[in-house]
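Participant: Here it is, the structure, as C-alpha cells.
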Amino acid sequence: MVFQPLPYAFDALEPQMDARTVEIHYTKHHRGYFDKLEASLKGYPEYWKRPLIDLLTNLNDIPETVRMSVRNNGGGLWVHDFFWRSMAPGGLSLNKRNAFAAALVRDFGSIEKFEKDFKAAAASFFGSGWTWLVRDTAGKLWILSTPGHDLPTAAKYVPLLVVDVWEHAYYLKYQNRRAEFLDNWWQLIDWQKVEKRFLAESWRED
Ligand SMILES: [Fe+2]
C-alpha cells in the first residue's frame, strides 16, 4: 500500500479550496489515515500487501481485531484519493453532448436538477461523511451519502464522484457554511474524470 501523491499543488484549487485547508487535509487528515492503517496492519503483512479496495470490499474476511481500522482508516485513505482525483484546478467541464450527460438528464430530469439534488444531499447530510454520484449495475445513476468513511455497496454501485462533507474539508475557509463550500467545490469537479469512471468496466482502476 502506498500513500498516493496529491495530483496538484496545495494552492492549485484556490480560490474555491484554500491552500491551507488542502495542505492540512492532505498532510494531516489523509496522511493520518494511512499511518494508522499501517500501524494497525503491522502484524498482518498479507493484508498490507493486498490492494486496499479488495480489503474494503471484503471487510467480512478481515480479522475482527483490525476490521474497524481497515473500515475507518483504510476507507479514509481510499476515499480521499478518490476525492482528490475527482477535482482539477479550475475544474474540467462536462460535455453536454455525451452519453454520461444524457444519463444525468435521463435519471435526474436535467443537468441543473442533478446539480441541485446533489448539493442538497451533501448540504443536508447529518454529521461527517461523503456524498456520492454512483451508477448501479444496470447503468442508472443515483445520489447517495455514506457516514464516516464507508463506501457505497460494492456489489451494487460504481462510484463516479464524491465530496467530503467532514468539517475538516471546509471549516477554515467556510466555517459552518457548507452550502457555500459546495457551490464553490462544484467549480472544481473534473467532469472528464467522472465521465471516464462512468464508462469504465471496473472502478478498481481509478
Ligand atoms: Fe477529509
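Participant: So for 196, 49, fewest C-beta neighbours within 10 Å to most, what's the order?
Facilitator: 49, 196
Participant: By its C-alpha gyration tensor, with a ≥ b ≥ c as the square roots of the eigenvalues, how is the chain shaped: rounded for a/c under 1.5, else prolate for a/b larger than b/c, else oblate?
Facilitator: Oblate, because a/c is 1.5 or more while a/b does not exceed b/c.
Participant: Follow-up question, since we're still on this one. Output ³J(HN,Hα) for the stretch 133-148: one whole-Hz value per residue in order, computed from phi by the Karplus curve 6.51 cos²θ - 1.76 cosθ + 1.60 with θ = phi - 60°, and x for Gly and Pro.
Facilitator: Residue by residue, the stretch 133-148 yields 9, 10, 10, 8, 5, 8, x, 7, 9, 9, 9, 8, 10, 10, x, x Hz.
Participant: Residues in the stretch 113-138 near a label at residue 59, defined as backbone nitrogen under 18 Å from the 7 Å Cα→Cβ point?
Facilitator: 126-132
Participant: Then there's this: Taking the Cα centre as origin and putting +1 on Lys and Arg beta-carbons and -1 on Asp and Glu beta-carbons, what dipole magnitude results for the chain, to the nearest 20 debye?
Facilitator: 240
Participant: Over 30 Å between Cα atoms: which of 119/140; 36/96; 28/113; 116/140; 49/96 fall into that group?
Facilitator: 36/96; 28/113; 49/96
Participant: Within the chain, what is the longest stretch that has no GluC sites (Glu not before Pro) placed in a DSSP loop and near at most 14 other beta-carbon atoms within 10 Å?
Facilitator: It runs 1-200.
Participant: Alpha carbon centre of the stretch 1-36 versus the stretch 72-117: separation in Å?
Facilitator: Rounded to whole Å, the Cα centres lie 20 Å apart.
Participant: Label residue 92 and residue 153 with points 7 Å out from Cα along Cα→Cβ: what is the distance between them in nm?
Facilitator: Placing both labels 7 Å beyond Cα along the Cβ direction yields 3.2 nm.
Participant: Using 1/(1 + (r/R0)^6) with R0 = 22 angstrom and r between the beta carbons of residue 12 and residue 85, what's the FRET efficiency to the nearest 0.05?
Facilitator: 0.95
Participant: In nm, to one decimal, how far is the residue 68 label point from the residue 171 one, both placed 7 Å along Cα→Cβ?
Facilitator: 2.2
Participant: Can you find, among 37, 171, 90, the residue farthest towards the positive end of the dipole of the chain? Put +1 on the C-beta of Lys and Arg, -1 on that of Asp and Glu.
Facilitator: Comparing the listed Cα positions along the dipole, 90 ranks first.
All of the numbers you see were taken from the coordinates with simple rules; none came from a lab. Model, not experiment: these values are computed from the prediction. Glycine also receives a Cβ, built like all others from the backbone with ideal geometry; neighbour counts cover every protein chain displayed.
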